[in-house]
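Down below is the structure, laid out as structure tokens.
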Amino acid sequence: MNYQKSIDLFEKAKNFIPGGVNSPVRAFRAVGGNPLFITRADGPYMYDEDGNEYIELINSWGPMILGHNHPEVREAVIKAMEKGSSFGAPTAKEVEIAELITEMVPSVEKVRMVNSGTEATMSAIRVARGYTGRDKFIKFEGNYHGHGDSFLIAAGSGAITMGNPDSPGVTKGTAQDTLLAPYNDLEFVEHLVEANQGEVAAIILEPVAGNMGCVLPKPGFLEGLRKLCDKEGIVLIFDEVMTGFRLSQGGAQQAFGVIPDMCTLGKIIGGGMPVGAYGGKKEIMEYVSPEGPVYQAGTLSGNPIAMAAGLTMLKQLWDDNSIYSSLEATGNAIVSGIRDSLKSLGLSYTMNHIGSMYSLFFTHEPVVDFKSAQTCDTALFGKYFQAMLRKGIYLAPSQFESLFLSTALKQEHVDRILEANEAALRELV
Ligand code: PMP
């Protein structure tokens, strides 16, 4: 494949943009090679500046659950645009999407729209602190909650990929209120709460982690956190930026039957536009300004174009629950195909999978937390990534990301993915 135009663009970009990209993992540092500059995407395909076509398994890091350039979402955006792109005043669509979110997501009785997942988590923590009158919160190693200062401590995703899970620029004062626990270790969390009795405002977690690769909660883990929070008056926050509207209409909380006090949403909720949201129990959300004293605002929050895209996307998912069984079937087909190939090649790498999220980890250990994720051979992952790319399959350019499937993937695409996977694995052994 020829990547010359992407190579030239990257060289130029580095003069004007830090690292040549507007979000770190896009730079392909962890996998080597040159990042691809994309011109368009349609259904399951993405096209780069040199005209190469890829079947892609990230879907813009999650949002494009119905595939790229979905006709109804596109039409909704065009129609909204014809009426003006921003008013800074309330619109009927904001009411409609808020009502729909409260119907879809079990924990959400009231919801505030923001512009990114980062804003959603920053705001949710502030509200939990305002509500409880406590300062500290617990997060899990390898979970990523966006780039707010207090979350950039043992952060997953790009932060681990770049080797800086604790970012310079976060003050000691800020860091001391973030308490860390290993994912899936309920006992550790119980001790941590005991050691900080009456000081913990919130426990925030990815109910299924996607930012150290795909890591599932152990049976009883979410339930145990729920019980602990009830007992100690701690606000349980599920960060469902990845899992929301992906694992089911109501996200991981619905799939696992554990309902948090608050949750954060992003990605799918914007249909590809920059949108996030946070919501939860009425009595907590009533602390948000102007109803309550906790301040949070946004010039472009609830933007009419973004709301048109998001509302159209959510309606598609709400109107047709069979989308989730079909995503599950695609996930099962890909994952069992990869498992078959691993077996026939005598390889015992770890696969984690749920619904339309999965990761192939280049380690022989089960991956249940940050520590076990760190046992992966990331150099080998880089080789696998490059081999897949040469065969026209675009994966997330890091071992520590989940892949996200879309409904645009049909049998022919699954067949191509599995053929490429087997050939790529063969090259590695
Ligand atoms: N929370 C989770 C679980 C995420 O996966 C992400 C982004 N990958 C964020 C928060 C931050 O969202 P954004 O990139 O939109 O700020």
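The values are calculated or read from the model by the stated rules, or taken from the named source; none is laboratory data. If you're wondering where the values come from, they're calculated on a predicted model, not measured in any experiment. As a convention, Cβ positions derive from the backbone with ideal geometry for all residues, glycine included, and neighbour counts pool all protein chains shown.
Summary table below
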{"read-out": "Meets criteria (in contact (Cβ under 8 Å) with a residue 40 or more places away in the chain and either among the aromatic types (Phe, Trp, Tyr) or surrounded by fewer than 14 Cβ atoms within 10 Å (Cβ to Cβ) (or both)) for Lys315", "value": "no"}
{"read-out": "Hey, Glu232 within 16 Å of the ligand (Cβ to nearest atom), of a type outside the set (Val, Ile, Thr) and modelled with pLDDT of 95 or more or not", "value": "no"}
{"read-out": "Wholly enclosed helices (runs of 4 or more DSSP H) of the range 351-429 bearing at least 2 residues buried (at least 21 other Cβ atoms within 10 Å of the Cβ), without any contact (Cβ under 8 Å) to a residue 60 or more places away in the chain and not assigned by TED's automatic domain parsing to the domain that holds Met242", "value": "378-390"}
{"read-out": "Members of the range 237-268 that are assigned to a loop (DSSP other than H, G, I, E, B) and away from the ligand (no atom under 12 Å from the Cβ)", "value": "Phe245, Leu247, Ser248, Gln249, Gly250, Gly257, Val258, Ile259, Pro260, Asp261"}
{"read-out": "Unmet requirement for Gln176, which otherwise passes all of (1) touching a helix residue (DSSP H, G or I) at 6+ places or on another chain (Cβ under 9 Å); (2) away from the ligand (no atom under 16 Å from the Cβ)", "value": "(1)"}
{"read-out": "Residue that is within 16 Å of the ligand (Cβ to nearest atom) and surrounded by fewer than 24 Cβ atoms within 10 Å (Cβ to Cβ), where the choices are Ser289, Ser301", "value": "Ser301"}
{"read-out": "The range 118-159, residues that are within 16 Å of Val235 (Cα to Cα), of a type outside the set (Gly, Ala, Ser) and more than 14 Å from the ligand (Cβ to nearest atom)", "value": "Arg126, Val127, Arg129, Tyr131, Thr132, Arg134, Asp135, Lys136, Phe137, Ile138"}
{"read-out": "The range 22-54, residues that are of a type outside the set (Lys, Arg) and more than 26 Å from His70 (Cα to Cα)", "value": "Pro24, Ala27, Phe28, Ala30, Val31, Gly32, Gly33, Asn34"}
{"read-out": "Residue count for the range 95-117, restricted to those that are under 25 Å from Phe221 (Cα atoms) and either within 12 Å of the ligand (Cβ to nearest atom) or in a loop (DSSP other than H, G, I, E, B) (or both)", "value": "6"}
{"read-out": "Lone unmet requirement of (1) of a type outside the set (A, V, I, L, M, F, W, C); (2) part of a strand (DSSP E or B); (3) touching a helix residue (DSSP H, G or I) at 6+ places or on another chain (Cβ under 6 Å) for Gly310", "value": "(2)"}
{"read-out": "The listed residue being assigned to a helix (DSSP H, G or I), surrounded by 16 or more Cβ atoms within 10 Å (Cβ to Cβ), in the same structural domain as Ala306 (by TED's automatic domain parsing) and more than 16 Å from the ligand (Cβ to nearest atom), out of Ala13, Ala76", "value": "Ala76"}
{"read-out": "Qualifying positions in the range 261-309 - touching a residue at least 40 places away in the same chain (Cβ under 8 Å) and among the polar types (S, T, N, Q)", "value": "Thr264, Gln296, Thr299, Ser301, Asn303"}
{"read-out": "Count of the range 121-141 residues which are outside any helix (DSSP H, G or I) and either more than 12 Å from Ile204 (Cα to Cα) or outside the structural domain of Glu232 (by TED's automatic domain parsing) (or both)", "value": "3"}
{"read-out": "The range 314-349, residues that are assigned to a helix (DSSP H, G or I) and aromatic (Phe, Trp, Tyr)", "value": "Trp318, Tyr324"}
{"read-out": "Candidates Tyr3, Tyr45, Tyr54 - the one that is buried (at least 21 other Cβ atoms within 10 Å of the Cβ) and of a type in the set (Ser, Thr, Tyr)", "value": "Tyr54"}
{"read-out": "Among residues of the range 269-292, those that are more than 30 Å from Asn59 (Cα to Cα) and in a helix (DSSP H, G or I), counted", "value": "4"}
{"read-out": "Flag for Ala195 being away from the ligand (no atom under 12 Å from the Cβ), buried (at least 17 other Cβ atoms within 10 Å of the Cβ), without any contact (Cβ under 8 Å) to a residue 24 or more places away in the chain and in the same structural domain as Gly271 (by TED's automatic domain parsing)", "value": "no"}
{"read-out": "Of the criteria (1) touching a residue at least 24 places away in the same chain (Cβ under 8 Å); (2) under 20 Å from the mean Cα position of the chain (by Cα), which one Asn22 fails", "value": "(1)"}
